[in-house]
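Undergrad: The structure under discussion is supplied below as structure tokens; questions concerning it will follow.
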Amino acid sequence: MTFDLNDMYVQKWLTGLSDKTKAEYPKLIGDWFNFLGMTPSEIINKRSHDQLNPDLLVQNFFENKWREYKQYLESTGTNSDSKVHDRLKVASSFFSRNFGNGKGLSLVKGDWKSTQKQLVKEKKEKLTLEDVKRLYAKADLRDKCILLILAQSGFSEIDISLLKIEDINGLYNLAINEHYVIEKGREKTTIVQATCLSYEFLHDLRLALEEKGNPTHGYIFTSQTKEKGIEPISTKRINEIIKKLYERTFTPERAKKLTARSLRSFYNGALLAVKPSLNPEIKDLLMGHDRIGAKNNYQYNDETIRESYIAAFEYLSINGLQSRSDIAKIKEDMNTIIGKQQVQIEGMKEDHKKEMEEQNKKIEELTSFLRDLSKDIKDVKQATKDAMIIASKQEKQQ
């Protein structure tokens, strides 16, 4: 059977989801409606009545049907674990989004565990911290920013594509060693993710924005083709940038096994490496995961997220705080030295000025002395001449 997309409960289920999710979810839930043989409205109406029945079997009718549906999907032998999980997740969300948070299907963690025999899969290629450092060294400034936010925040390509400058309050005034706590609904699932933008990313971002005149609004990463500098960069372009970075850094064989998503896995690995382990609910928040079986009523604040993130940052840091501090100290020392040199130069100018004034004064005094001496010599010469004339006249008279 097919279901009506305009059914009021289907529309309520899809309200608030991203366009991409709205297009994808209906494709995954059709099997669930067919399995039940009921329309969406019939399902919700029955669920409402069942909850008022004192018989637990009646109350849990849809939980049991959900488990039977899982068994059916796995029994075909053709559905992968991910395919089964996706359909189960969508079926569960139909109830939780219609009845409200915490009032969906009453499932436990074990319900989600696969019972299929697992084939030995090829081990996924993983990135280490040294790998990410090598990638960083090969990247230009823009690509460094994209690399760091993917590897150090857990955001997906679509999340960072839509990130705006104004989402980072006080960007240009943040301390050099300050991580920025950011909370947003993931574009793919609408599940809240509370994470941090690292001070390493923010440092490089400010440098990149400085080249653009320090704008205060607009998309952080913009398209270089369509409406250049205005429209957000596409997820396809982000994947291309990361893929080329892999190819420049690693062997062709290894580069083929890596994707932009590998950087989110690297971030997840850092969260898992924290000792003692992070609170599972906080880790889910940092990753933007929906905690299966939980009520999503997490009690946290910015400081909780920041402290957990700092614990994981030891496994995420590219340059480290010391390097950033050293650079800042060097700049400060250089400015101090330059300032002292300027003072010395000004002092030298002042001393030179005084010395020149004294020299000019001495020259003026010497000139005046020579002028007076010349006059005295002239007077002596004249007096001598007059005396010789008088003497000559006296000789003639005798």
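Undergrad: Taking amide H atoms as placed 1.01 Å from N in the peptide plane, list the residues 5 or more away in sequence, or in a different chain, whose amide H sits under 5 Å from that of residue 185.
TA: Residues meeting the amide H criterion: 193.
Undergrad: Students often get this wrong: which residues of segment 28-58 have the backbone nitrogen under 17 Å from the point 7 angstrom along Cα-to-C-beta of residue 12?
TA: Residues passing the 17 Å test: 39-52.
Undergrad: Between residue 53 and residue 217, with labels modelled 7 Å along Cα→Cβ, what's the label distance in nm to one decimal, could you check?
TA: For the pair residue 53/residue 217, the computed spacing is 5.6 nm.
Undergrad: Just rank 210, 281, fewest to most, by other beta-carbon atoms within 10 angstrom.
TA: 210, 281
Undergrad: Taking the Cα centre of the chain as origin, sum charge times position over the Cβ atoms of Lys and Arg (+1) and Asp and Glu (-1), and report the length of that vector in debye to the nearest 20.
TA: Result for the chain is approximately 1100 debye, rounded to the nearest 20.
Undergrad: Sort all Cα-Cα distances of the chain into consecutive 20 angstrom bins from zero, then give the percent of pairs in each bin up to the one containing the longest distance.
TA: 19, 39, 19, 7, 6, 5, 3, 2, 0
Undergrad: Between residue 208 and residue 81, take the C-beta separation as r, use R0 = 51 Å, and let me know the FRET efficiency to the nearest 0.05.
TA: Computed FRET efficiency for residue 208 and residue 81: 0.80.
Undergrad: Show the residues, 5+ positions off or on another chain, whose built amide H is closer than 5 Å to the amide H of residue 259.
TA: none
Undergrad: Return the FRET efficiency for the residue pair residue 2, residue 130: r is the Cβ-Cβ distance, R0 is 51 Å, and the value is rounded to the nearest 0.05.
TA: My answer for the efficiency is 0.45.
Undergrad: Which shape class, rounded, prolate or oblate, goes with segment 165-239 when its Cα gyration tensor gives a ≥ b ≥ c as root eigenvalues, a/c under 1.5 marks rounded, and past that a/b bigger than b/c marks prolate?
TA: oblate
Undergrad: Going by how many other beta carbons lie within 10 Å of each one, how would you line up 179, 85, 352, fewest first?
TA: In increasing order of surrounding Cβ atoms, one gets 352, 85, 179.
Undergrad: Follow-up question, since we're still on this one. Dipole of segment 8-112, Cα-centred, from +1 at each Lys and Arg C-beta and -1 at each Asp and Glu C-beta, to the nearest 20 debye?
TA: Charge dipole, segment 8-112, about its Cα centre: 280 debye, nearest 20.
Undergrad: Report the one residue of 99, 249, 73 whose Cα lies farthest in the direction of the positive end of the charge dipole of the chain (charges on C-beta: Lys and Arg +1, Asp and Glu -1; origin at the Cα centre).
TA: 73
Undergrad: Taking the Cα atoms of segment 129-318, report the difference between the largest and smallest coordinate on each principal axis, in whole Å and largest first.
TA: Reported extents, whole Å, longest axis first: 44, 41, 31.
Undergrad: Which of 304, 193, 234 sits farthest toward the positive end of the charge dipole of the chain, with +1 on the Cβ of Lys and Arg and -1 on the Cβ of Asp and Glu?
TA: Farthest towards the positive pole: 234.
Undergrad: A further question on this structure: Looking only at Cα atoms, what is the convex hull volume of segment 8-112 per residue, in Å³?
TA: 110
Undergrad: Here is a follow-up. Please give the FRET efficiency for residue 251 paired with residue 181, using the beta carbon to beta carbon distance and R0 = 45 Å, rounded to the nearest 0.05.
TA: E between residue 251 and residue 181, to the nearest 0.05, is 0.75.
Undergrad: Now, a different point. Would you calculate a helix-derived [θ] at 222 nm for the chain, using -39,500 (n - 2.57) for each DSSP H run of n ≥ 4 and dividing by the full residue count, to the nearest 500?
TA: Per the formula, -20000 deg cm²/dmol.
Laboratory data are not the source of any read-out in this text; all were calculated from the coordinates shown. These numbers come from a predicted model, not from an experiment. Positions of Cβ are generated from backbone atoms using ideal geometry, with glycine treated the same way; all protein chains shown enter the neighbour counts.
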